[in-house]
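Trainee: My structure is below; once you've seen it, I'll send some questions.
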Amino acid sequence: MTTVLLVVSEAQARRLLSQALRALGFKPVALPEEAWGRPPTDVFPDYEPDLVLADTTALEAPVISGLAEHCLHVPFLLFTEQADDPEVLKRAMRLGAIDVLEPPVQSSKLAEALRRALARKQAARQWAAQEAERDTLMLRSHIDELHTLLRVGRTLTAKLDLDETLAAVVNAAVEFTGAEESTLLLLDEETGELYLRASRNFEERAASTLRLKVQDTLAGEVVRTGKPVLLERDAPEKIKTAYLVHSLIYVPLYIHGRVIGVLGVDNRQRRGYFTQRHVERLTALAEYAAVALDNAQLFTAANAERRRLETVLNNIEDGIVVLNPNGEAIIINRVARQALDIDPHLSVLGRQYTEFCPDRDLEAGIREALDGHEFHTEITAPDGRVFSLQAVPIPKIGVAITLHDVTHFKELDRIKNEFVSAVSHDLRSPLTAILGYVELLERAGPLNEMQKEFVKRVRLSVENITALINDLLDLGRIEAGFDLEKEVVSIVSVLRYAVESGREQAEKKGVCFRSTVEEDLPMVFGNAVRLRQMLDNIIGNAVKYTPPGGCVTVTAEGRGQQVIIRVSDTGPGIPPSEQPYIFNKFFRGSNVASETSGTGLGLAIVKSIIESHHGRVWVESEVGKGTTFTVVLPGLEEDTAAAFGKP
């Protein structure tokens, strides 16, 4: 039943209207006067009226004055004796009244007024429903459009190949706007012209030759102004497109705040016209396209740079491997594959270095480089070539491993060693004879003081030459692998004797001597005599080159299954340019005093002994501050040492 809310001040009028409404089949409800002061949004939910019938007095009440603002869906009829008063009617119309009833009201007139009001309410509801449906359809269209744009954007930004990206852009432009053709023009920085880089449904002959000047063309205007251009029917600019079209849109392509090209769509055959909405769609697409183009160009440039780098790396004679901080290979060239005996068809990029390292010592060295320490060693490739391997940590990159072919130098060194050994061996006999005859000179007759001085100098020179020859022969035996029987050795005991000997030398020279040797160092599999010789040479050199008042420090510690020995001094140091050569035979530093004795073979012997024990040695030095030699020897695990039998 239709409810009519009566907002009438006179009781007699309310009663008569209620009777008439009931007779016509309506449900009258009188609004109490105390509710008049409330807005309709507070009152109407309790009564749910379909119509409102109010008198002149009620026009000033909030329940009626708020109808026009809050409850337009509820029809409002005015019941008044002042129907001829223009001010009353004007106020009623302003508040939304749709009809005026003047007492006495006949039933037929009342019924007709109510019918019109209800019909108007129904029409208003239908209009509201249509508007809501239209809004819903428009919203759905916008959502579909956004989904399409998002899908196209994902497709574009996922492509990294430049040609594929350009083709996807022009295809998306046609799909997104419903155009016949699409073109993508890029700016030639050298000529200042726009050239066609990609197109959809465009004539191939025109596409290959189309170039537009920035001046006096619509596309050029987009480049100059950075704003879209919409060409509609009967536009005088039609000739500026270089081909006749019915409608056209050009939008700019921005990269890093600069217009680098133009994206356009047109209708050449079909008489369909574009709207501002199409401009907005194409502009949104152009933003995605610009990002995709920038990514594709960067990727193409990076790929070209990577290919150039690969070409360079694969054609140099040194092996190169680069690992990321996780130990995964990111660069490896042909020579490195050969040196490490890696199958040329096996892809190792992205794999852990442990998957292609040829031996455990190299694996341990690379692990040390990943921990921030340089690593040096030599490896032999399957084809017999010898490579000097160096692993250097690079902050935020990982580790760079270089392999330099030293086969030729090794062969020269071998020939030289054989020659030196042969000559040294042949020199020992005549030197021994000379020394013997020198000893017999005094028995042949008395010598004066000058003769005795000369004999003393001859004897000293022969002894020095003999010591040099002994060192050369010693070095030859070590490098050849002779006289190097190995057993389980307590490196702590060897260190103890070497430290005591060094301490005595230091005390005689007035040099401070400190040592810290851990007692639980791992056992070492080696030759105790040679290890003692190696330590004596390093510690002896430190004492020899440290001036009185200086200090020599010896430390030894265990790290995992490795023994790390460091010998530091406060001597003159070694110039950086000479540090790579200090382990070469007969090399002596340029800043060593001429009166300091030495053959230049001590460190060469040290390196040979350490390498024969599968260890490593390197130097760190600063001129004027001193030098530190670091020796790393592989230790034995407890069960392995026990199997050999501890000394």
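Trainee: State yes or no: is ALA528 farther than 19 Å from ILE574 by Cα and in contact with a strand residue (DSSP E or B) (Cβ under 6 Å, 6 or more places away or on another chain)?
Mentor: Here the answer is yes, as ALA528 does meet what is asked.
Trainee: With (1) touching a residue at least 40 places away in the same chain (Cβ under 8 Å); (2) loosely packed, with under 15 Cβ neighbours inside 10 Å as the list, and LEU468 as the residue in question, which single condition is left unmet?
Mentor: (2)
Trainee: Give me the residue from the stretch 275-295 that is under 14 Å from VAL170 (Cβ atoms), in contact with a helix residue (DSSP H, G or I) (Cβ under 8 Å, 6 or more places away or on another chain) and among the small types (Gly, Ala, Ser) and, out of that set, surrounded by the most Cβ atoms within 10 Å (Cβ to Cβ).
Mentor: Restricting to residues being under 14 Å from VAL170 (Cβ atoms), in contact with a helix residue (DSSP H, G or I) (Cβ under 8 Å, 6 or more places away or on another chain) and among the small types (Gly, Ala, Ser), the top hit is ALA289.
Trainee: Across the stretch 510-526, what is the number of residues that are touching a helix residue (DSSP H, G or I) at 6+ places or on another chain (Cβ under 9 Å) and in a strand (DSSP E or B)?
Mentor: Qualifying residue count for the region: 8.
Trainee: Of everything in the stretch 234-262, what is at pLDDT 60 or above and not aliphatic (A, V, I, L, M)? Give them in sequence order.
Mentor: Residues satisfying the conditions are HIS246, SER247, TYR250, PRO252, TYR254, HIS256, GLY257, ARG258, GLY261.
Trainee: Where the second residue is of a type in the set (D, E, K, R) and outside any loop (DSSP other than H, G, I, E, B) and the first is touching a residue at least 60 places away in the same chain (Cβ under 8 Å) and lies in the stretch 326-347, which pairs have Cβ atoms under 9 Å and are six or more apart or on separate chains?
Mentor: GLY327/ARG367; VAL335/ASP405; ALA339/ASP405
Trainee: Condition check: within 21 Å of PRO634 (Cα to Cα), assigned to a helix (DSSP H, G or I) and either in contact with a strand residue (DSSP E or B) (Cβ under 6 Å, 6 or more places away or on another chain) or among the polar types (S, T, N, Q) (or both). Does SER608 satisfy that?
Mentor: Judged against the criteria, SER608 is a match.
Trainee: Restricting the search to the stretch 363-410, which residues are surrounded by 14 or more Cβ atoms within 10 Å (Cβ to Cβ), within 25 Å of the chain's Cα centre (by Cα) and not aliphatic (A, V, I, L, M)?
Mentor: Of everything in the stretch 363-410, those that are surrounded by 14 or more Cβ atoms within 10 Å (Cβ to Cβ), within 25 Å of the chain's Cα centre (by Cα) and not aliphatic (A, V, I, L, M) turn out to be ARG367, GLU368, HIS373, GLU374, PRO393, GLY398, THR402.
Trainee: Look through the stretch 20-60, keep the residues that are assigned to a helix (DSSP H, G or I) and touching a Pro at 6+ places or on another chain (Cβ under 7 Å), and return whichever of them is farthest from GLN82 (Cα to Cα).
Mentor: ARG22
Trainee: Yes or no: the stretch 62-71 includes at least one residue that is assigned by TED's automatic domain parsing to the domain that holds LYS121, among the β-branched types (Val, Ile, Thr) and outside any helix (DSSP H, G or I).
Mentor: Scanning the stretch 62-71 turns up no residue that is assigned by TED's automatic domain parsing to the domain that holds LYS121, among the β-branched types (Val, Ile, Thr) and outside any helix (DSSP H, G or I).
Trainee: Which of the residues that make up the stretch 531-565 are closer than 28 Å to GLU485 by Cβ and assigned to a strand (DSSP E or B)? Talk me through it step by step, then tell me what you get.
Mentor: Here is the first cut: in the stretch 531-565, the ones closer than 28 Å to GLU485 by Cβ are 531-541, 554, 556-565.
Hits for the stretch 531-565 are VAL554, ALA556, GLU557, GLY558, ARG559, GLN562, VAL563, ILE564, ILE565.
Trainee: Something else: Restricting the stretch 188-201 to residues that are touching a helix residue (DSSP H, G or I) at 6+ places or on another chain (Cβ under 6 Å) and not basic (Lys, Arg), which is farthest from GLY261 (Cα to Cα)?
Mentor: Within the stretch 188-201, the match that is farthest from GLY261 (Cα to Cα) is SER199.
Trainee: I need a count of the residues in the stretch 365-407 that are out of contact with any strand residue (DSSP E or B) (no Cβ under 8 Å at 6 or more places or on another chain) and part of a helix (DSSP H, G or I).
Mentor: The number of residues fulfilling the criteria is 1.
Trainee: Looking at (1) of a type in the set (Gly, Ala, Ser); (2) assigned to a helix (DSSP H, G or I); (3) at pLDDT 90 or above; (4) closer than 20 Å to ALA604 by Cα, which is the only condition ALA506 fails?
Mentor: (4)
Trainee: Criterion first (in contact with a Lys or Arg (Cβ under 7 Å, 6 or more places away or on another chain), surrounded by 13 or more Cβ atoms within 10 Å (Cβ to Cβ) and either of a type in the set (Lys, Arg) or not assigned by TED's automatic domain parsing to the domain that holds TRP618 (or both)) does VAL462 satisfy it?
Mentor: Answer is no for this residue.
Trainee: Now for a different question. Inspect the stretch 12-32 for any residue being assigned by TED's automatic domain parsing to the domain that holds LEU114 and touching a Cys at 6+ places or on another chain (Cβ under 7 Å) and give the result as yes or no.
Mentor: No, the conditions are met nowhere in the stretch 12-32.
Trainee: Considering every residue within the stretch 314-321, establish whether at least one is more than 27 Å from GLY384 (Cβ to Cβ) and touching a strand residue (DSSP E or B) at 6+ places or on another chain (Cβ under 8 Å).
Mentor: no
The values are calculated or read from the model by the stated rules, or taken from the named source; none is laboratory data. Keep in mind that this is a model prediction, so the values were computed, not measured. Neighbour counts run over all protein chains shown; Cβ positions are idealised from the backbone, glycine included.
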